[in-house]
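For reference, the structure is listed below as structure tokens.
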Amino acid sequence: MSFGKSSINKNSSGYFFVMPFVLIFLTFGLWPLINTFRLSFTDTILMSRTFKYVGIKNFFIIFNDPSFLKAFKNTAYIWVLNFIPQIGLALLFSVWFTSKRLKLKGVGMFRTLFYLPNILMPAAIAALFASLFDFYGPANQILVRLGVLPEAMMFFRNSSFTQIMVIYIQWFMWFGQTIIIIMAGMTSISGDFYASAMIDGANSGQMFRKITLPMLRPVMVYTLVTSLVGGMQMFDIPFMLTDGRGAPNGSIMTANVFMYMKYSSSKGHIGLASTVGVIIFVITSVVALGIFKILRDPDEAAAKKKRS
Amino acid sequence: MKYKTNTNIQKTIIYIILIIITIICIIPIWLLLVNSTRSTPAIQSGVSLIPSNNLIVNYKILSSRGLNIWRAVGNSFYISIFSTLFGVYFSVMTAYGLKVYTFKGRKFLNNFILILVLVPMQTSIIGFYQYMSKLHLLNSYIPLIIPAAASAATVFFALQYLDAIIIKDLIHAARIDGCSEFGIFQKVMLPIAAPGMFTLAIFGFVGSWNNFFTPFILISKMEKYTLPMLVQTLRGDAYKTELGAIYLGLAMSIFPILVVYSIFAKSIVSGIAMGAVKE
């Protein structure tokens, strides 16, 4: 963006405006990241001032730790199973909400209510669901009274149930946001495309596949990648729902919970914990940026390059 | 005619589905609020959707077992307000610098910020912790407030927003009037950007209010606890049998956000899509 001659000599002022961000990012963003990488090659523990560099020994330890692989699998599993219904529901609801044929009323109200769980404190939501599904909690009361369960059940002793619970809470907290974003994407598609498709005799299914989905691609990629990055860092819900160690049987021990367990272990092994952080960081970044590069419409990317 | 009936049947089914999903969203939150007014024996004996009259008793129990919820509320407010002010002001300033000036490294910084949005910075928490401990900033709110000024996501949103509202002629005119570059930003840009900054501020506030992980790692002194940390403590032994008090604690921690949301829902919902969709 250029403002013509009068602005040329003012352009160095740009540095002044971005300076605070750059300085604070270097001190509170980049350096801690570098420090984490540095620590991941050391045997630093919380209680001791001395440490030594141990090369890639920590990485060997972590990769050979069955708990780590389990934590990684859990994270991926929980994320995938919460994301699929999120995006599915978002596509379906957005089609309904934007349909000119249906002309649904109260769309704004529904969206507002669907988004509500997202802005509530995850710690409180986790504690809430822990109480709702407690042995003496309302879920048991209702299910026993309705005859669905013969007797009250220890929900959080069951691995599959507990995993499903985390998946459900993650879905519950995020589907509203996904609906809003997908719907905004659909609304921004020009009506002309549909009009000319209609003239060509296309039915609504064809229009959805041939116009809506391709045009939604950038928005879908954005949703996928941001959800993935957030999902890989999932901590509050699985940490607070049970004992903070992924009980029962480590079924909801996510990668970040595992990292915290290393950090809070009796010795406070922050070298190893950093290694876990580095592994999550590298894998997530590579996957997220990879998906972003590959899936984003190449034409769009080229157009963007030209524009800026 | 038949077409219309079909549409009506379809609409009825859709409304039923939408109402079911709405109930799914609201019931847990409603139960939480209602249970905070019920006694523990009542909660244990059955579900109710109607508030009861045990709120004050629950509050007495909640505040009598060593947890100071008002202090945690105050701490959370303090951190959330200052990190929001910091975050929004400097993010808009950064975005403004990137949009209005062409300087060396501008493109790099711009792309770098976009990449930062897609990178899980939270995983560097251990290095952050160790560094803060060296600086003697554990149990201080500085590491919870200052880094907000370098939030890539906020800058990203601010960039999209400024795209729509920067008026070149206005900046030109202010320059001709002899306004300094910083003066233009302060006196011309900020007032125009105020509505968008307000939306960013709501998101900043909510994010900071709900943040559990960072304070949980950095803060260990009880009197410095934030609300999410207090919620975690509530699940401990001292309150194990006091369900009414636990629900009240949870209700108090989400209540301010419920109020904010009921007032500003519109700008919040429209703000979400701001980063994802270029209009």
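Read-outs throughout are calculated quantities, based only on the coordinates presented, and are distinct from any laboratory measurement. On a predicted model such as this, the values are computed, not experimentally measured, just so you know. Cβ sites come from the backbone with ideal geometry, for glycine too, and all protein chains shown count toward neighbours.
Relative to the present Cα-Cα distance, how much length would full extension add between residue B:81 and residue B:223 at 0.36 nm per residue of separation? Don't skip to the end; give the middle numbers.
Values: separation 142, 0.36 × 142 = 51.12 nm, distance 1.86 nm.
This chain segment gains 49.3 nm when fully extended.
Fewest-first ordering of A:269, B:136 by other beta carbons within 10 Å of each residue's beta carbon gives B:136, A:269.
Mind checking Rg over Rh on the stretch A:65-264, alpha carbons, Kirkwood formula for Rh?
Working: Rg = 20.3 Å, Rh = 18.9 Å.
Taking Rh as the inverse mean 1/r over Cα pairs, Rg/Rh reads 1.07.
Charge tally for residue A:112 (other residues, Cβ to Cβ under 15 Å; Lys, Arg +1; Asp, Glu -1): +3.
Relative contact order of the stretch A:133-215: 17 percent, from C-alpha pairs under 8 Å at least 6 residues apart in sequence.
What does the charge count near residue A:41 come to, summing +1 for each Lys or Arg and -1 for each Asp or Glu among other residues with Cβ under 12 Å from its Cβ? Walk me through the numbers on the way to the answer.
Working: positive: A:38, A:52, A:57; negative: A:43.
Residues near residue A:41 contribute +2 overall.
For a paramagnetic label modelled on residue A:146 (point 7 Å from Cα along Cα→Cβ), amide N atoms under 19 Å away belong, within the stretch B:1-41, to B:16-32.
Computed from the Cα positions only, the extents of the protein assembly as shown along the three principal axes stand at 82, 77, 49 Å, in decreasing order.
Fraction of C-alpha pairs exceeding 32 angstrom in chain B: 44 percent, rounded to a whole number. Sequence-distant contacts, meaning Cα pairs under 8 Å at least 6 residues apart, place the relative contact order of chain A at 28 percent. Here each label is just a point 7 Å from Cα along the line to Cβ, and for residue B:65 and residue A:104 those points are 4.2 nm apart. Hull volume per residue, based on the alpha-carbon atoms of the stretch A:63-134 and their convex hull, is 135 Å³. The orientation-averaged projected area of the convex hull spanned by the Cα atoms of the stretch B:108-257 comes to 12.4 nm². Between the C-alpha center of the stretch B:135-206 and that of the stretch B:24-38 there is a gap of 38 Å.
So if R0 is 30 Å, what FRET efficiency would residue B:111 and residue B:182 give, r being the distance between their Cβ atoms, rounded to the nearest 0.05?
On the way: r = 26 Å, r/R0 = 0.85.
Approximately 0.70, to the nearest 0.05.
Summing charges over neighbours of residue A:10, with a neighbour being any other residue whose Cβ is under 10 Å away from its Cβ, gives 0 when K and R count +1 and D and E count -1.
Let's test the formula: R0 of 51 Å, r as the Cβ-Cβ distance of residue A:50 and residue A:136. What FRET efficiency results, to the nearest 0.05?
Working: r = 50 Å, r/R0 = 0.98.
In this case the efficiency is close to 0.55.
Based on alpha-carbon centroids, what's the gap between the stretch A:46-99 and the stretch B:109-123 in Å, whole number please? Using only Cα atoms to place each centre, the spacing works out to 18 Å. My understanding is that a pair violates if its Cα-Cα distance is over 28 Å; which of B:104/B:168; A:293/B:266; B:104/B:134; A:210/B:99; A:210/B:11 do that in this structure? Distance filter (> 28 Å) returns A:293/B:266; B:104/B:134; A:210/B:99. Considering only B:164, B:193, B:72, give the residue with the highest GNM mean-square fluctuation for chain B, with springs between Cα atoms whenever their separation is below 10 Å. Among B:164, B:193, B:72, the largest GNM mean-square fluctuation belongs to B:164.
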